[in-house]
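J.: One structure follows; several queries about it will come next.
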Amino acid sequence: MIGPDHLARVTAKAVVPEQVVPYVLAVSDGRPQWFGACIGYRTEDHIVLVGYPLHDPLDDLAAAEAVGRVIDTPGVRTITFFGPARPPQAPPQVYSSEDAYYGLTLPVRPPDQKLRNLLLRAGREVTINPGRRLEPDHQFLVKKYLEGRPLSPGTRQIYSRIPRYLENSPGSLVLSARLKDRQTLAAFAIGEFGSLSSAFFMFCFRDPVVAPPGSADLVLSALIGEAQARGHSQVNLGLGIHPGILFSRRSGAPVSSSLMWR
């Protein structure tokens with residue numbers, strides 16, 4: 001097991017959400033372990049290795065060395081690896097997929113006129129309120145989101161454990177957009193600010209019935225503003241959002257190659 005101080009160091013250097021240890025521990029049943037310069041999470045005979053070494057997320061040699069340590073761990077039957085490059089130990093026939101992390105370098109450029117008008121319109125109808133927990137109306141929006149989409153059981157588990165994540169991560173923040181006239185929840189986003197360099201856009205939900213146009217954009221804008229105020233250098237927006245905001249290779253996490261093998 002890894003001590004609390006070491007776990008906090010992982011989160012402080014996080015460039016991908018899976019290095020935000022309180023988040024992973026809340027949404028999964030894995031136990032954190034060190035494998036060289038990388039953190040992994042073990043569940044019985046399976047290990048998920050986050051192949052972004054803490055000292056340099058693009059150090060492919062250190063990532064490969066961590067894979068070797070996983071392979072040598074007694075009792076491990078299956079491995080899931082994700083990182084910026086396919087490790088040399090991965091058999092050629094194993095399933096793999098590739099996606100891209102997207103993000104914004106801070107400070108951001110001023111929005112164009114169309115987006116500025118959208119944000120101004122939304123700002124006339126809603127107010128943004130920060131918080132640290134989900135109220136019943138937040139939970140309702142999450143429930144409606146899950147009801148309307150064919151999601152995998154693993155994804156549904158993550159969403160069901162959002163309250164646990166917020167409770168256990170001191171770096172998390174809920175930004176809620178509420179209608180000014182009656183305080184009805186229109187949209188909300190959850191950000192993670194536990195890393196010293198990267199803020200994370202973790203979740204976002206919008207009520208399609210009551211939310212004025214631009215409500216979701218406004219909570220994202222508030223999250224970006226919070227990150228800038230806290231001195232972060234970039235906002236990680238997750239995987240596969242929009243090709244216009246792809247991380248460059250120097251910014252930390254250009255691609256995620258996900259593999260699983262036995």
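None of the figures in this text is laboratory data; all of them are computed from the coordinates on show. A quick note: this is a predicted structure, and the numbers were derived from the prediction, not measured. Backbone-built Cβ (ideal geometry, glycine too); neighbour counts: all protein chains shown.
J.: Can you check what the net charge comes to around P107, using other residues whose Cβ is under 13 Å from the Cβ of P107 (Lys, Arg +1; Asp, Glu -1)? Please list the in-between numbers first.
T.: Numbers: positive: R109, R230; negative: E226.
Around P107, the surrounding residues sum to +1.
J.: Tell me, what HN-Hα J-couplings in whole Hz come from the Karplus equation 6.51 cos²θ - 1.76 cosθ + 1.60 at θ = phi - 60° for each residue of the stretch 67-80, using x for Gly and Pro?
T.: Couplings: 4, x, 5, 5, 4, 7, 6, x, x, 8, 10, 10, 10, 10 Hz.
J.: Kirkwood hydrodynamic radius for the stretch 186-226: how many Å is it when counted over pairs of different Cα atoms? Could the numbers behind the result be given before it?
T.: Details: mean 1/r = 0.0933 Å⁻¹.
Computed over Cα pairs of the stretch 186-226, the Kirkwood hydrodynamic radius comes out at 10.7 Å.
J.: Something else about it: How long are the three semi-axes of the equivalent ellipsoid for the chain, computed from the Cα gyration tensor as the root of 5 times each eigenvalue, in whole Å, largest first? Show your work: numbers first, answer last.
T.: Working: eigenvalues 232, 78, 56 Å².
Calculated on Cα positions only, the semi-axes equal 34, 20, 17 Å.
J.: Let me know the charge dipole size of the stretch 107-232 about its Cα centre in debye, to the nearest 20, where only the beta-carbon of Lys, Arg (+1) and Asp, Glu (-1) is charged. Mind dumping the intermediate values first?
T.: Numbers: 18 positive and 11 negative charges, 20 e Å.
Using only the charged Cβ atoms, the result is roughly 100 debye.
J.: In Å, what is the Rg of the alpha-carbon atoms in the stretch 107-232, and how long is Dmax?
T.: Over the stretch 107-232's Cα set, Rg and Dmax evaluate to 14.7, 41 Å.
J.: Please enumerate, by chain and number, the lysines with C-alpha under 26 Å from the C-alpha of K144, excluding those fewer than 8 residues away in the same chain.
T.: Partners within reach: K180.
J.: Turning to a different aspect of this structure: Cα-Cα pairs above 19 Å in the stretch 116-172: how many percent? Provide the component values of the computation, followed by the final result.
T.: Details: 771 of 1596 pairs.
Here the tail beyond 19 Å accounts for 48 percent of pairs.
J.: Sticking with this structure for a sec: Determine the relative contact order of the chain: mean sequence separation of Cα pairs under 8 Å and six or more apart, normalised by residue count, in whole percent.
T.: Details: 499 pairs, mean separation 71.8, N = 262.
Relative CO of the chain lands at 27 percent.
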